[in-house]
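For reference, the structure is listed below as structure tokens.
The values are calculated or read from the model by the stated rules, or taken from the named source; none is laboratory data. Being a predicted model, the structure only gives us computed values, none of them experimental. Here Cβ is always computed from backbone atoms with ideal geometry, including for glycine, and neighbour counts include all displayed protein chains.
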Amino acid sequence: MKKANIEEWSGILVYVECRKGKVHPVGRELIGEAWRLAEKLKTSVYAAAAGARLDDVSGQLADCPLEQLYLFETEDEYTPVVYEKIITGCIEMLKPAIVLIGGTHEGRALAPRLAVAFESGLTADCTSLEIDEEGNLIQIRPAFGGNVMASILTAQSRPQFATVRAGIMEPVTAGHFQKMAVVRRRMNVTDGRVRILGMKETERGDSITDQKILVVAGRGVRKKGDLEMLRELAKLLGGGLASSRALVEKGWMSQGEQIGLSGNTVSPQYMITCGVSGTVQFMAGIKQTKNIIAINTDSRSRIFEIAHYPVCGDLYEIVPKMIERLKCKSFE
């Protein structure tokens, strides 16, 4: 990594992903986290968006604590090389000490390109961000299969790049912040190697990320056929069935049904975990869940540390009774 003059770099830049003029939810989450970090550093927060049809973006972010919002208007939607050139130019102009990018498909393609361009470090899929005594960004994420939490520093290079997946951080809430300055620039950057001829949106089926109620199957499920019991519970509650990584590795559940950093980040109103021990990797994917009911026979399970309603017991005794009660006419 290239050693930088640290004193020349200050402020926090958030890359705000937009599609068809609509801000991706992770943008507001990153702005909220950037504001929290900026208060510790006594510095400013900036945001940058690139793409077509950005007219309404400033309105969507009008209630955010931004000093400046840069809107780089292009002819087409996302193209990695073009966006890299645009955001690289923005970083060279602002010289932010920290750059935060959403851990989306777009962000995962863009962030490494930017880190290479500035010969700096990048920590992907952070679950927490802090500031140390020297003003460096502490980038925290699970490591070694989710068994430990690693704290990573980019001490000598700038900017410090980090990606964070949607649903991990608290989104910024409307507040009485100073009015941000909006800078609009028309970009004619092209990439002769790649040309987008057309785009087609595909319909997405039911996803666990959209569910308000989730029943989650864990390693405590003894055999694949027992999942039907949990699926019935989820259906009676009007929700969906999800899984920990253990059952996906067994081939019992699909990748799309997996919760955790290697699966999906979810934020339902209610979640019932059944036989889930609660690895660091799994718990990072449920941080914004409002109510967690955890069923496990091991009272020392990590899931009980964050569960709102810990239930120490056998899911094979508890779940059938829940199903029976839900089927009673008094609950109809």
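Yes/no per residue for (1) surrounded by fewer than 20 Cβ atoms within 10 Å (Cβ to Cβ); (2) out of contact with any Lys or Arg (no Cβ under 7 Å at 6 or more places or on another chain):
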site: Ala111; (1), (2): no, yes
site: Ala117; (1), (2): yes, yes
site: Leu122; (1), (2): no, yes
site: Thr127; (1), (2): no, no
site: Glu130; (1), (2): yes, yes
site: Glu133; (1), (2): yes, yes
site: Ser151; (1), (2): yes, yes
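How many of the residues in the stretch 236-253 are under 20 Å from Ala284 (Cβ atoms) and either hydroxyl-bearing (Ser, Thr, Tyr) or not in a strand (DSSP E or B) (or both)?
Residues in the stretch 236-253 being under 20 Å from Ala284 (Cβ atoms) and either hydroxyl-bearing (Ser, Thr, Tyr) or not in a strand (DSSP E or B) (or both): 8 in total.
Looking at the stretch 205-225, is at least one residue free of Cβ contacts under 8 Å to residues at least 24 places away in the same chain, within 24 Å of Thr104 (Cα to Cα), in a helix (DSSP H, G or I) and among the aliphatic types (A, V, I, L, M)?
no
Please work out if Ala49 is in contact with a Cys (Cβ under 7 Å, 6 or more places away or on another chain) and either of a type in the set (A, V, I, L, M) or within 19 Å of Thr88 (Cα to Cα) (or both).
So Ala49 passes the test.
Cβ contacts < 6 Å: first residue small (Gly, Ala, Ser), restricted to the stretch 84-97; second residue surrounded by fewer than 21 Cβ atoms within 10 Å (Cβ to Cβ), any location; separation 6+ or different chain. Result?
As it stands, the answer is Ala97/Trp9; Ala97/Ser10, since those pairs meet every condition given.
Okay, residues lined up against (1) in a loop (DSSP other than H, G, I, E, B); (2) in contact with a helix residue (DSSP H, G or I) (Cβ under 6 Å, 6 or more places away or on another chain):
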site	(1), (2)
Ser262	yes, no
Val266	yes, yes
Ile272	no, no
Gly278	yes, yes
Phe282	no, no
Gly285	no, no
Gln288	yes, no
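For the stretch 57-81, how many residues meet the condition of being more than 12 Å from Met187 (Cβ to Cβ), in contact with a strand residue (DSSP E or B) (Cβ under 8 Å, 6 or more places away or on another chain) and not in a helix (DSSP H, G or I)?
9
Filter the strands (runs of 3 or more DSSP E) completely within the stretch 82-173 down to those with at least 3 residues that are within 14 Å of Glu33 (Cβ to Cβ).
Answer list for the stretch 82-173: 98-102, 128-131, 137-143, 160-164.
Look through the stretch 1-40, keep the residues that are assigned to a helix (DSSP H, G or I) and within 21 Å of Glu92 (Cβ to Cβ), and return whichever of them is nearest to the chain's Cα centre (by Cα).
Leu30
Go over the candidates Gly260, Gly278 one by one and state the one that is modelled with pLDDT under 95, crowded, with 18+ Cβ neighbours inside 10 Å, on the phi > 0 side of the Ramachandran plot and out of contact with any Asp or Glu (no Cβ under 8 Å at 6 or more places or on another chain).
Just a single option satisfies the conditions, and that option is Gly260.
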